[in-house]
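Enquirer: Just dropping this structure here.
The values are calculated or read from the model by the stated rules, or taken from the named source; none is laboratory data. The structure displayed is predicted, hence computed values, not measured ones. FYI the Cβ positions are ideal-geometry reconstructions off the backbone, even for glycines, and counts take in every protein chain you see. Accessible surface areas use protein heavy atoms only, side chains included; no ligands, DNA or RNA. Shrake-Rupley method; radii C 1.70, N 1.55, O 1.52, S 1.80 Å.
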Amino acid sequence: MFEAVAIGVSAGGLRALRSVLGPLPESFRLPIAIVQHIEANSDDYLAEYLGSLSSIRVKEAEDKEAMEGGTAYLAPAGYHLLVEPDRTFSLSVDDKVNYCRPSIDLLFESAADAFGATLVGIVLTGANGDGSKGLRHIKGRGGYAIVQDPATAEAPYMPRTAAAGVAADRIVPLEEIPKLLVQLAQVTRQ
Amino acid sequence: MSLMSRDIEVGAEADVSGVALSQQNDPEAVSFELLLEGIKRRWGYDFTHYSRASLKRRLDQARRDAGYERYTELLDRLLHDDAFFDHFLKYMSITVTEMFRDPAFYRVVRERVVPILKTFPFVKIWHAGCATGEEVYSLAIILHEEGFLDRATIYATDFNKQSLDVAQRGVYPVAHLDQHAANYRSSGGTRPFSDYFSSAYGLAKIKNVLKERVTFSYHNLVTDGVFGEMNVIFCRNVLIYFDKTLQNRAFELFTNSLRHGGFLCLGTKETLNFSSVKRHYEQIEGRCKIFKKCGTGDV
Ligand SMILES: C[S@@+](CC[C@H](N)C(=O)[O-])C[C@H]1O[C@@H](n2cnc3c(N)ncnc32)[C@H](O)[C@@H]1O
């Protein structure tokens, strides 16, 4: 039974996130934590925009906010987003990781520590190597790893690097990810 | 299909309540708790109420860099090696900072807060968690430009003594100045930014006129007490490192250190809306986290 989803995305992220979040049904029950690389002084327009075309709730993650099902949380610009063991979020202004703040690796590693085998990690389009290490960590804790098929990515480098670094459970075209997430959310204990 | 085979596998291992239980007594969790407890008892630094995820990341870094597999090995060294503890403390303090970080915030300070301060003959300002001082000198520049610096006393505190030394010296790499100058201008600054420094050999030293009203000192927000009768308190990007319990302790400390009508200035992504002191404050502007103390009493 899966309990949460973590998504990392960089260049080309606007379209990719639209394609992933847009088709998810209102009844989607898992929380989704997202790191999209973004300029440090950006406002929360992205969350508003994605929220306006999704049936699930989309918002910027706040410090110490509890993760709720059916909600997608975006890392605020200029802050790392981390998941605490009690499944609340923390923000940090620690040094950049892979030249990035927010960093996908940091979100993935902390979320994997908090959720273990019940976490789904997804690496989407992007032009840098952030997220590979994190995805390996998710697999290492028994979680489920999905990589966007690089052939369907606006920027293939990030998914290609992630796929090379870990035996992903699925490598799928962008358009199939929402359907896969809905299936995974319905998986129950045998 | 791989999804299906995986379902069965996941089903077998994903007993959620089991996960929670095993976490309490698994060796890693126990040794992590022991490490924090040991540091607290031996050195008086209490990290038990810091946000766990980034705390763990820093402790892992310190452990790996020292060549240890286990937290208990790190603890053993920390208990018995004083010099190593000083070295270790650097890992525990995130000093990332900038001058005029979040320019929009400093614009509001200049346009909304300073005019109110000017109605007082004399004001006291506290920067808690000032790191290497960039934020302190940013405020000093604004007060100087507003012709008010000589009527202010600025107390700047941190629990990282090395950062305090850097702050006290006020010497920064010239290479950082472009970013700082850009922030300064977008915060509404109009003077030549380089006027505030004397530069030589790749270093830029903040001018003495900006340092005269500033006192740097050690203060630990976890264990130390009230800092009295402040007109303004800045504590930015420090509380995100604390859990809710410790955040509330700090908020109470600030509330008891702030004069009626004084201002509490937090980081852009920090808020006291979920805190135990919320009812004592109102936010003065939509986006910036500047709160005015309205209630009378202490907490
Ligand atoms: C990320 S820096 C913030 C610097 C600056 N205020 C800013 O916003 O740019 C966090 C600072 O909080 C300090 N800090 C962390 N825990 C503290 C404590 N318990 N007491 C005092 N300072 C603390 C650290 O040493 C560090 O200098």
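Enquirer: With bins 10 Å wide starting at 0, give me the P(r) of segment B:171-227 over every alpha carbon pair, in whole percents.
Expert: 19, 36, 26, 18, 0
Enquirer: While we're on this one: What value in Å³ per residue do you get for the convex hull of the alpha-carbon atoms in chain B?
Expert: Roughly 196 Å³ of hull volume per residue.
Enquirer: Output the DSSP H helices from chain B with an along-axis C-alpha extent of no less than 18 Å and a mean Kyte-Doolittle hydropathy no less than -0.5.
Expert: Membrane-span-like by this rule: B:27-43.
Enquirer: May I ask for the accessible area buried between chains B and A, both sides summed, probe 1.4 Å, to the nearest 100 Å²?
Expert: Values: alone 15140 and 8360 Å², together 20370 Å².
Summed over both sides, the interface buries about 3100 Å².
Enquirer: Write out the trypsin sites (Lys or Arg not before Pro) in segment B:195-299 meeting two conditions: DSSP loop, and at most 15 other Cβ atoms within 10 Å of their Cβ.
Expert: Values: sites: B:LYS205, B:LYS207, B:LYS211, B:ARG213, B:ARG236, B:LYS244, B:ARG249, B:ARG259, B:LYS269, B:LYS278, B:ARG279, B:ARG287, B:LYS289, B:LYS292, B:LYS293; in loops: B:LYS207, B:LYS211, B:ARG213, B:ARG236, B:LYS269, B:ARG287, B:LYS289.
Listed in order of number, the matching sites are B:ARG287.
Enquirer: Right, something else. Suppose R0 equals 30 Å. What FRET efficiency, 1/(1 + (r/R0)^6) with r the Cβ-Cβ distance, do B:PHE122 and B:ASN208 give to the nearest 0.05? Kindly include the intermediate steps, with their values, before the conclusion.
Expert: Numbers: r = 21 Å, r/R0 = 0.70.
It comes to 0.90.
Enquirer: Would you please state which residues of segment B:89-131 a label at B:THR190 would reach in this model, taking the label point 7 Å out along Cα→Cβ and a backbone N cut-off of under 18 Å?
Expert: What the label zone holds, given the 18 Å backbone N cut-off, is B:104, B:106-115.
Enquirer: Also, I was wondering about something else. Ranked by accessible surface with a 1.4 Å probe, highest first, in what order do B:THR72, A:THR125, A:THR188 come?
Expert: Working: B:THR72 60, A:THR125 0, A:THR188 85 Å².
Ranking B:THR72, A:THR125, A:THR188 by accessible area, largest first, yields A:THR188, B:THR72, A:THR125.
Enquirer: Continuing with this model, one more query. How long are the semi-axes of the ellipsoid equivalent to segment A:44-149, from square roots of 5 times the Cα gyration tensor eigenvalues, in whole Å, largest first? Walk me through the numbers before you get to the answer.
Expert: Values: eigenvalues 77, 53, 48 Å².
In descending order, the three semi-axes are 20, 16, 16 Å.
Enquirer: Going by a 1.4 Å probe on protein heavy atoms, which residues of segment B:235-255 end up with at least 40 Å² less accessible surface in the whole assembly than in their chain alone?
Expert: The answer is B:ILE240, B:TYR241 - residues whose exposure falls by at least 40 Å² when every protein chain is included.
Enquirer: Can you compute the radius of gyration and Dmax for segment B:142-212, using only the Cα atoms, both in Å?
Expert: Spelled out, the Cα radius of gyration and Dmax of segment B:142-212 are 13.1, 34 Å.
Enquirer: For segment B:123-251, max minus min Cα coordinate along each principal axis, in Å, sorted largest first?
Expert: The Cα atoms of segment B:123-251 stretch 43, 29, 25 Å along their principal axes.
Enquirer: Roll a 1.4 Å probe over the protein chains and send me the accessible area per residue for segment B:16-92 in Å².
Expert: Working: 4170 Å² over 77 residues.
For segment B:16-92, the solvent-accessible area averages 54 Å² per residue.
Enquirer: Would you mind finding the longest exposed-site-free stretch of chain A, with exposed GluC sites (Glu not before Pro) meaning DSSP loop and at most 15 other Cβ atoms within 10 Å? The partial results should precede the final answer.
Expert: Values: sites that count: A:GLU26, A:GLU39, A:GLU68.
My reading of the result: A:69-190 is the longest stretch.
Enquirer: Report the relative contact order of chain B, percent, no decimals, based on alpha-carbon pairs under 8 angstrom and at least 6 residues apart. Present the calculation step by step, with values, prior to reporting the outcome.
Expert: Details: 405 pairs, mean separation 47.1, N = 299.
Contact order relative to length: 16 percent.
Enquirer: Over segment B:61-132, how many percent of alpha carbon pairs lie in each 10 Å bin up to the one with the longest distance?
Expert: Computed distribution, short to long bins: 14, 29, 19, 15, 16, 6.
Enquirer: Within segment B:192-274, list the chymotrypsin sites (Phe, Trp or Tyr not before Pro) lying in a DSSP loop whose Cβ has at most 14 other Cβ atoms in a 10 Å radius. All intermediate terms of the calculation are to be shown ahead of the outcome.
Expert: Working: sites: B:PHE193, B:TYR196, B:PHE197, B:TYR201, B:PHE216, B:TYR218, B:PHE227, B:PHE234, B:TYR241, B:PHE242, B:PHE251, B:PHE254, B:PHE263, B:PHE274; in loops: B:TYR201, B:PHE227, B:PHE274.
Here the chymotrypsin sites (Phe, Trp or Tyr not before Pro) that fit, given the DSSP loop and packing criteria, are B:TYR201, B:PHE274.
Enquirer: Rounded to the nearest whole Å², what accessible area per residue is found for segment B:103-293 with the 1.4 Å probe?
Expert: Values: 7810 Å² over 191 residues.
Accessible area per residue: 41 Å².
Enquirer: Right, another one. Report, largest value first, the span of the C-alpha coordinates of segment B:16-92 along each principal axis, in whole Å.
Expert: Sorted largest first, the three principal extents are 43, 24, 20 Å.
Enquirer: What net charge do the residues around A:ALA163 carry, taking every other residue with its C-beta under 15 Å from that of A:ALA163, with Lys and Arg at +1 and Asp and Glu at -1? Spell out each step's value before the answer.
Expert: Details: positive: A:LYS133, A:ARG136, A:LYS139, A:ARG160, A:ARG170; negative: A:ASP130, A:ASP149, A:ASP169.
Summing Lys/Arg as +1 and Asp/Glu as -1 gives +2.
Enquirer: First compute the accessible area of segment B:202-299 with a 1.4 Å probe, then give the percent of it belonging to carbon and sulfur atoms.
Expert: Details: 1960 of 4040 Å².
For segment B:202-299, the apolar C and S fraction of the accessible surface comes to 48 percent.
Enquirer: Around B:VAL171, with a cut-off of 15 angstrom between Cβ atoms, what is the net charge of the other residues, counting Lys and Arg +1 and Asp and Glu -1?
Expert: Details: positive: B:ARG169, B:LYS205, B:LYS207, B:LYS211; negative: B:GLU134, B:ASP165.
Neighbourhood net charge equals +2.
Enquirer: My understanding is that a pair violates if its Cα-Cα distance is over 25 Å; which of B:LYS40/B:LYS161; B:LYS56/B:LYS124; B:LYS56/B:LYS161; A:LYS59/B:LYS269; A:LYS59/B:LYS278; A:LYS133/B:LYS56 do that in this structure?
Expert: On the way: B:LYS40/B:LYS161 18 Å; B:LYS56/B:LYS124 36 Å; B:LYS56/B:LYS161 22 Å; A:LYS59/B:LYS269 13 Å; A:LYS59/B:LYS278 23 Å; A:LYS133/B:LYS56 17 Å.
In this structure, B:LYS56/B:LYS124 exceed 25 Å between Cα atoms.
Enquirer: Of the heavy-atom accessible surface of chain A (probe 1.4 angstrom), what whole percent is carbon and sulfur?
Expert: Values: 3350 of 6830 Å².
About 49 percent, which is the carbon plus sulfur part of the accessible surface.
Enquirer: May I ask you to give the percent of accessible area on segment B:16-92 that is carbon plus sulfur, with a probe radius of 1.4 Å?
Expert: Numbers: 2100 of 4170 Å².
Carbon and sulfur atoms account for 50 percent of the accessible area of segment B:16-92.
Enquirer: Taking 10 Å² as the minimum loss, tell me which residues in segment B:256-280 lose that much accessible area going from the chain by itself to the full protein complex (1.4 Å probe).
Expert: SASA drop of 10 Å² or more in segment B:256-280: B:LYS269, B:PHE274.
Enquirer: Out of residues 5 or more away from B:PHE242 or on other chains, whose amide H comes under 5 Å of its own, with H placed 1.01 Å from N in the peptide plane?
Expert: Residues meeting the amide H criterion: B:SER51.
Enquirer: Another question about this same structure. For the protein assembly as shown, what are Rg and Dmax over the alpha carbons, in angstrom?
Expert: Reported Rg and Dmax, both Å: 23.8, 76.
Enquirer: Kindly write out, for segment A:80-90 in residue order, the coupling ³J(HN,Hα) from the Karplus curve 6.51 cos²θ - 1.76 cosθ + 1.60 (θ = phi - 60°), rounded to whole Hz, with x marking Gly and Pro.
Expert: 3J(HN,Hα) across segment A:80-90, in whole Hz: 6, 10, 10, 9, 7, x, 8, 6, 10, 8, 10.
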